[in-house]
Every structure is written in C-alpha cells, then in structure tokens.
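Each reported figure results from applying straightforward, stated rules to the coordinates on display, with no laboratory input. Just so you know, these numbers come straight off a predicted model, no measurement behind them. Methodologically, a virtual Cβ is constructed for each residue, glycine included, from the backbone with ideal geometry; neighbour enumeration extends over all protein chains shown.
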Amino acid sequence: MQNQSLINRECDLAEENRKPTSERTQEIAERLMHVRQKKAINQRDFCARLGISQPMMSHYERGERRIPSDLLAEMAAILGVSSDVLLGLKRSANKSSQEMAPETKKLWKKFQQVAILPEHDQRAVIRLINSLARTKARS
C-alpha cells in the first residue's frame, strides 16, 4: 500500500515537472543540496521522510525538475529552515554557527540527526537526556 502511494505521488510529481528547468530552478536545487548536506542529513533518509524516491530527489538536487511548492515546504520544515531560504529570498537563520564553539557545533549536528529519526526514537533520546540531566543535577 505504501509503495503504491509512493508511486502515485511520484507520477503526479513527474507530470507536474515535465517543463524545462530554468536557471532559478538550478539555483534552488543547489541551495537545497547545500542545506541538506550542511545539516548532515543523507539523501536516503531525507527521501524517506518526504515519501519520495532517491532518483526523484536526485532530479531535484541536480535542477532537472522543478520542486512542487508543497514538497518544497516539507523539505524546508525537515531541514529546519524557511522556504524563503531554499528559494534564496533570505539567508539561513543559522548564520551564527560560525560563532559557536566547536563542541556546541558537534552537539547541534547530533540534534539535527535526531530530528530525522522516527518519533518513537526521538522520544527515547529525550528520555535519555532527561535522565542524564536529572543524574547530573543530583551530583
């Protein structure tokens, strides 16, 4: 059932994206790939969260297909940026990452990786962090 849903979504997306791409589409594609890689999210996990195949994502990231607006919004949400960032209308809000200490940057990357885990795994990580914080508070 899930595979059929994936196939139907991709057929709809393919129909919508048959038009030739523009320079603007290419720029959006480059920003998308840059932000995804900067957030340390691999393409396979990103595709799974979006419910699309890797070949389709590859088309988007190479600028060979236009990204539908609803999918662009989903991508932005998963990446933790606004759609405006992917569209190039404003810079990423994470410009202060250069000001972060190296340990803080590492920790932030780990939290970004947790954000793409299934919800039950995210809850387990939060429980672990809470437990460690309580133990530290008692010390």
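Summary of values
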read-out	value
Computed label-point distance, nm, for sites Ser82 and Lys105 using a 7 Å Cα→Cβ extension	2.6
Per-peptide average of other Cβ atoms within 10 Å, ordering 24-36, 117-129 highest first	24-36, 117-129
Sequence ranges 57-64, 106-113, ranked by mean other-Cβ count within 10 angstrom, highest first	57-64, 106-113
Quarter of the Cα convex hull surface for region 100-139, i.e. its orientation-mean projected area (nm²)	3.3
Packing-based exposure ordering (other Cβ within 10 Å, fewest first) of Arg134, Arg65	Arg134, Arg65
Ranked list, fewest to most other Cβ atoms within 10 Å of each Cβ, for Met56, Met100	Met100, Met56
